[in-house]
Structures are given as structure tokens and as C-alpha cells.
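One structure is given below, encoded as C-alpha cells.
The values are calculated or read from the model by the stated rules, or taken from the named source; none is laboratory data. Computed from a predicted structure; not experimentally measured. In this analysis, Cβ positions are derived from the backbone assuming ideal geometry, glycine residues included, and neighbour counts consider all displayed protein chains.
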Amino acid sequence: MSTWRDRVTQSLGDAASRSGVLSETAGKIFAVLYLNPGPLSLDEISREVGTSKGNTSVQVRELLDLGMVRKVWVRRSRRDYYEAVTDLWSIAAEVIGRRLEQEARSLLAAVSATEKELPAAAGDLVIGRVKSLRLFLELVAAGIEGFRRGEVMSPTELRKVAG
């Protein structure tokens, strides 16, 4: 990568691939759109990122779903154009929230299933601790939902939400 734009694009691509939510290509597409002063068509994005139009289209749809880009109308053109959403806080909240939510849901499902299957012979201590773990994970899930909505919740408020 030779230019500052190439370095930023590659860095965002690398970060996206580590996020567990986005692919490297999606990160690069976001970077290209974010650094561009105006909207770009799928053909232009494909050329900039070096991917096929089909792959670019799939990645752009994912970015649309995450609220990281939006489709815009360009006068006298029938092509679809896209631009980056520049509210980085809302983007971070969505991406981080999705990643945390995936992990929390998976862990909560496993702990809930374990709690239901625990035999009485496991003992009150183990049963109580597994229940505490499930309740804690429910609090975490409620906190993640609030984070994604941009809400700040204290631990006391989270306990109320989780019931």
C-alpha cells in the first residue's frame, strides 16, 4: 500500500476482519466510501477495492444492514450510489453490539440448557452458581441491547430490566 488512503483502507479492512461481524472486504468498502467526498456506484466501489461487482454488492448489502452506508440518489443516473454514514459512534455501537450479542446469546443458550439438565445430585451450590451465571448473562444481554440503542445503564438499572 503506497498512499495514505491505501493504508487507511487496508487498516479498516484488517480491523473489520478481526471484528467477527464484518469481512475484510466490507471494511475496505466502508473505508473507501468514508474517505470519498461523494457517493460512489457499485462499479466505482469495485474498482477502488479490487473486487467483483457481485462480491461488492453482497458486502454493500451487509453494510446497509448494519447502518454503516446508505443508498443515495444521484441526479440523472439510474445506477445505485452509496455513501458512508459518518456517525462513528452509532457504527461502533452496532458492530460491537452485534459481536457481543452473538457471544452472549450463545453462552446464555448453553448455560440455560445446562441449568435445565442439571440433576439434583449436582448439589445446591452448583445449581445456585449456574443459576447466578444465567441471571448475570441475562443482565449482560440487556446491557448490550441498551448499548446498541445508545442508552447508558447503571448496574442497578440493568438488574431492574433483567427482572
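What do you reckon, is residue 60 of a type in the set (Val, Ile, Thr), under 27 Å from residue 152 (Cα atoms) and not assigned by TED's automatic domain parsing to the domain that holds residue 146? Here the answer is no, as residue 60 does not meet what is asked. Residue 79 meets each of the listed conditions (1) loosely packed, with under 15 Cβ neighbours inside 10 Å; (2) of a type outside the set (Ser, Thr, Tyr); (3) assigned to a helix (DSSP H, G or I) apart from (3).
Selection of segment 77-111 for residues being farther than 17 Å from residue 139 by Cα and polar (S, T, N, Q) yields 77, 86, 90. Checked against (1) in contact (Cβ under 8 Å) with a residue 12 or more places away in the chain; (2) of a type in the set (Asp, Glu); (3) not in a helix (DSSP H, G or I), residue 101 passes all but a single condition, namely (3).
What residue, of 56, 114, is hydroxyl-bearing (Ser, Thr, Tyr), touching a residue at least 12 places away in the same chain (Cβ under 8 Å), assigned to a helix (DSSP H, G or I) and over 25 Å from residue 140 (Cβ atoms)? Going through 56, 114 in turn, the sole match is 56. In summary, residue 74 fulfils each of the numbered conditions (1) within 20 Å of residue 141 (Cα to Cα); (2) surrounded by fewer than 18 Cβ atoms within 10 Å (Cβ to Cβ) with the single exception of condition (1).
Each row is one residue, and each column tells you yes or no for (1) at pLDDT below 95; (2) assigned to a helix (DSSP H, G or I); (3) among the polar types (S, T, N, Q); (4) touching a Leu at 6+ places or on another chain (Cβ under 6 Å).
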| position | (1), (2), (3), (4) |
| --- | --- |
| 16 | yes, yes, no, yes |
| 22 | yes, no, no, no |
| 28 | no, yes, no, no |
| 44 | no, yes, no, no |
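Here the condition is being out of contact with any strand residue (DSSP E or B) (no Cβ under 6 Å at 6 or more places or on another chain) and not assigned by TED's automatic domain parsing to the domain that holds residue 92; of 41, 77, it holds for 77 alone.
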